[in-house]
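Sharing a structure with you now.
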Amino acid sequence: MDYPGRFARDCGEGEFLAGAGRILVACSGGADSTALALLLSGYLDALGDASPRLYIGHVNHALRGSASDRDESFTRELARELGAKFLSVRLPATSEAQPLSEGRARELRYEVFGRWAAEHRLDRIATAHHRDDQQETLLLRLCRGTGIAGLAGIPASRPLDGEEASPRLVRPLLGWSRAELLDYLESRGQSFRIDRTNDSLEIPRNRVRHEVLPLLEEHVHPGVRSSLSHLAGQAAELQGDLEALGRRALAASRLVDSAAGEISLSREALLCWPPSVRREVYAAVARELRPGAGGFFTRRELESVEDVLDPGDAIARADLGGGLRVGRVRERLEFGLGDAAGGPREEVPRQEVLLQVDGEPAVWGGWSLSARREPWRGPGGDSFEEWIDEASLGEGLLVRGRLPGDRVWPLGAPGSKKLKEFMRESGVPSGGRDGVPLVVSGDKIVWVVGQRLCQPFSVPAGGAPAVRLRACRLEEAS
């Protein structure tokens, strides 16, 4: 196998390095990144005097004591052998009481990459993500819940901080398998570092790699890996189409008389596009108002904006997080940062109040609510009284008003639905929905007072230790 020739073709066809003058390989010293450093160095050498300058960057997380330091020494020596400039950062060690999660470690590495890009005027930062990483990522996202953008997997190239003018993060090895990279290293007689934490099944990715994917291959479908790669490719194409339609929809709905620091969109024009395209509009708006903060919209964020878009709902303003807000003013949606987004504020009582089991009644928005441990006496007919399974209350109880994106699973229903839809179906007038108290546990609604209990909190048919919830208006309680 002509591995260097294949790598050269990948780089040429993917335009990973076109116009680049300074390229950094993020190298841990492991097999994948060592192979990338060797392949990229050979490719650049073949370009001659016009080749970009090569950097090798190593982030020492100091998680494995002296082994982490030996990783850094190995990578420094590799950079010397390749004639590359070596960059390194040693991050403060974490304690066993507060271990560094995989996600946080990644965030820290990318923060370092951003600093290096600015300090050394880097054009590209290459990481060694390969086909197996892509498959594992896709399966993890499927398990945790994802949309089309998530199904697209790891992009071959993207701006480092979300802005098109920023240095690009590139993955030239996404078409390569882990086995092919190991074969290449063996053919070169090249050693590499082994991180034993990659064998720990306590890390979800490792369990997918070592157990889940092999089981799927053996017992479900031997071609599952190629199927996942094919799905990622199709999703990437579809996501590209959605983003293109989103740009058209944004141009068609954008109003030119927006105030400084705001983006105003025509509600009528937005409603001409399906929600999947509107999501891309909202994501593009978020990227424009918050450069570098990313532009993926979660389902909850999308539903928050859609709730504001709906004229039949009283909610005319929503906080989307990160300082971004949206408000509805007559026939326009106004996005802005801080208090820039227009529209009247919701008249929802903003406070959350603790509803302590066997404690004093909680008072919220003209209501008094209580929770008492009592022997379960079976379902009752009072809409302002419900019984819940005590074992279901892992995070205690709070009382609050509705929030954009809230969902409920009504007792007896096949699954969850938007709270707005449930209230509409239940005949709650739009003008009175903000005043309905919600009993919640964590981020899940337990009881929509006066309407229905939620399925996950119901007492089993055979009975169980129960908590009796009661609600009444304050004038009735006095």
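Would you mind working out the magnitude of the charge dipole of the range 3-228 relative to its Cα centre, with +1 at each Lys and Arg C-beta and -1 at each Asp and Glu C-beta, to the nearest 20 Debye?
In debye, rounded to 20, the range 3-228 gives about 300.
Right, here's the next one. Ala466's amide H: which non-local residues (gap 5+, or another chain) put their own amide H closer than 5 Å, with H modeled 1.01 Å from N in plane and none for Pro or chain starts?
Long-range HN contacts for Ala466: Glu374, Trp376, Glu390.
Now, a different point. Roughly how many nanometres apart are two label points built 7 Å out from the Cα toward the Cβ at Arg373 and Tyr110?
Distance between the two pseudo-spin positions: 4.6 nm.
Share of antiparallel DSSP beta bridges in the range 3-228, in percent to the nearest 5?
15
For each of Cys272, Cys11, Cys27, Cys454, count neighbouring Cβ atoms within 10 Å of the residue's Cβ, then give the residues from fewest to most.
Cys272, Cys11, Cys454, Cys27
Okay, next question. Considering only the chain, what is the antiparallel percent among its DSSP beta bridges, to the nearest 5?
In the chain, DSSP labels about 75 percent of beta bridges as antiparallel.
Around Val329, which amide H atoms from residues at least 5 apart in sequence, or from another chain, sit under 5 Å from its own amide H, with H modelled in the peptide plane?
Here the answer is Glu334, since their amide H atoms fall under 5 Å of that of Val329.
Using the alpha-carbon atoms, what tilt in degrees (0 to 90, nearest 10) does helix 66-82 show relative to the longest principal axis of the chain?
Compared with the principal axis, the helix lies near 50 degrees.
Based on Cβ point charges of +1 for Lys and Arg and -1 for Asp and Glu, what charge dipole magnitude is obtained for the chain about its Cα centre, in debye rounded to the nearest 20?
Roughly 320 debye for the chain.
Multiply the residue separation of Asp358 and Arg9 by 0.36 nm, subtract the distance between their alpha-carbon atoms, and state the gained length in nm to one decimal.
Value of the extension gain: 118.6 nm.
Name the longest site-free stretch of the chain, where the excluded sites are trypsin sites (Lys or Arg not before Pro) in a DSSP loop with no more than 12 other beta-carbon atoms within 10 Å.
122-329
Using only Cα atoms, tell me the angle between helix 178-188 and the longest principal axis of the chain; keep it within 0 to 90° and round to the nearest 10.
Here the helix axis deviates by roughly 20 degrees.
Here's something else I'd like to know. Compute the long axis of helix 275-289 from its Cα atoms, compare it with the longest principal axis of the Cα atoms of the chain, and write down the angle in degrees, 0 to 90, nearest 10.
70
Laboratory data are not the source of any read-out in this text; all were calculated from the coordinates shown. Remember, it's a predicted structure, so these values are computed and weren't measured experimentally. Positions of Cβ are backbone-derived with ideal geometry, glycine not excepted, and every protein chain shown enters the neighbour counts.
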